[in-house]
Amino acid sequence: VLWTLAAEAAFNSAVLVSLAVCLAATAGIPMGLWLALWSPRWLRAPLESVVSIGITAPAFFFVFVLQLGAIGLAERTARTVLPVFGYGLDGHLVIPVLALTLAPFAFIARSVALFASEAMDRDYIRTARAKGLPEVAIAGRHLLPNILGSTGETLLGAVRLTLGAVVIVEYVLVWPGLGLLG
């Protein structure tokens with residue numbers, strides 16, 4: 001019975017962690033590339049500040065903000081829009097996954113932007129530009145393959161951030177994962 005309970009809790013936690021990291025990577029990698037390659041210069045510093053705040057803010061803070069937003073929306077519409085606690089592989093996933101996604105998203109976006117910015121100053125990029133290749137081809141053929149390893153390492157860091165927060169998020173939301181076993 002104890003092993004079954006632990007296995008179910010680990011599965012429930014793994015669902016949250018995997019969804020959060022996948023969502024963070026899906027949004028963070030393009031955002032980081034956009035920040036490094038195509039964003040206007042005047043917008044970079046404010047966006048990087050917001051990203052830094054996203055990395056440092058604790059996930060349980062985002063849980064409370066999302067819960068308050070869902071409660072406020074339910075009051076305005078006179079019906080429940082999102083469940084604010086409990087377990088379910090449906091709408092119950094929205095608040096914990098979003099709360100767990102924000103810090104890894106910011107971490108991935110910042111790291112990819114840094115890797116891409118550094119790589120754009122390398123000789124092979126200058127040579128590709130001198131040959132007249134369009135920027136999209138330079139990014140696809142030269143930049144992305146060369147930042148792939150660093151990006152993979154960043155994804156592991158995103159998993160670490162998510163694992164560090166999942167226990168508290170599960171406890172706050174009464175999600176039957178590893179956070180409620182302790």
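Worth a mention:
- Members of region 16-37 that are in contact with a helix residue (DSSP H, G or I) (Cβ under 8 Å, 6 or more places away or on another chain) and closer than 22 Å to Ile138 by Cβ: Gly28, Ile29, Met31, Gly32, Leu33, Leu35, Ala36, Leu37
- Region 63-84: number of residues that are open to solvent by less than 40 Å² (accessible area, probe 1.4 Å) and in contact with a Gly (Cβ under 9 Å, 6 or more places away or on another chain): 1
- Criterion violated by Ile138 - all others in (1) closer than 21 Å to Ser39 by Cβ; (2) open to solvent by 70 Å² or more (accessible area, probe 1.4 Å); (3) part of a helix (DSSP H, G or I) satisfied: (2)
- Qualifying residues in region 32-45 (those that are of a type outside the set (Gly, Ala, Ser) and under 24 Å from Gly157 (Cβ atoms)) - the one modelled with the lowest pLDDT: Arg44
- For beta carbons closer than 8 Å, sequence separation of 6+ or different chains, a first residue in region 52-66 that is under 17 Å from Gly28 (Cα atoms) and a second that is open to solvent by 80 Å² or more (accessible area, probe 1.4 Å) and of a type outside the set (Val, Ile, Thr), the qualifying pairs are Ser52/Arg110; Ile55/Arg110.
- Inside region 58-76, residues that are in a helix (DSSP H, G or I) and either of a type in the set (A, V, I, L, M, F, W, C) or at pLDDT below 95 (or both) make up a count of 13.
- Among residues of region 85-130, those that are assigned to a loop (DSSP other than H, G, I, E, B), without any contact (Cβ under 8 Å) to a residue 24 or more places away in the chain and either in contact with a Cys (Cβ under 6 Å, 6 or more places away or on another chain) or open to solvent by less than 40 Å² (accessible area, probe 1.4 Å) (or both), counted: 1
- Failed item in (1) out of contact with any Ser or Thr (no Cβ under 8 Å at 6 or more places or on another chain); (2) under 22 Å from Thr162 (Cα atoms); (3) open to solvent by 80 Å² or more (accessible area, probe 1.4 Å), with Val51 passing the rest: (3)
- Candidates Leu43, Leu23, filtered to the one that is assigned to a helix (DSSP H, G or I), more than 30 Å from Arg129 (Cβ to Cβ) and either without any contact (Cβ under 8 Å) to a residue 24 or more places away in the chain or not small (Gly, Ala, Ser) (or both): Leu23
- Residue in region 156-176 that is over 30 Å from Phe61 (Cβ atoms) and of a type in the set (Val, Ile, Thr) present: no
- Residues (open to solvent by less than 40 Å² (accessible area, probe 1.4 Å) and either within 17 Å of Trp38 (Cβ to Cβ) or touching a Gly at 6+ places or on another chain (Cβ under 8 Å) (or both)) located in region 141-152: Leu143, Ile147
- Evaluation of Trp34 against (1) in contact (Cβ under 8 Å) with a residue 12 or more places away in the chain; (2) surrounded by 15 or more Cβ atoms within 10 Å (Cβ to Cβ); (3) not hydroxyl-bearing (Ser, Thr, Tyr) (one fails), failing number: (1)
The values are calculated or read from the model by the stated rules, or taken from the named source; none is laboratory data. From a predicted model like this one, the values you see are computed outputs, not experimental measurements. Note that each Cβ is placed from the backbone with ideal geometry, even for glycine, and that neighbours are counted across all protein chains shown. Side chains included, ligands, DNA and RNA excluded: accessible areas come from the protein's heavy atoms. Shrake-Rupley method; radii C 1.70, N 1.55, O 1.52, S 1.80 Å.
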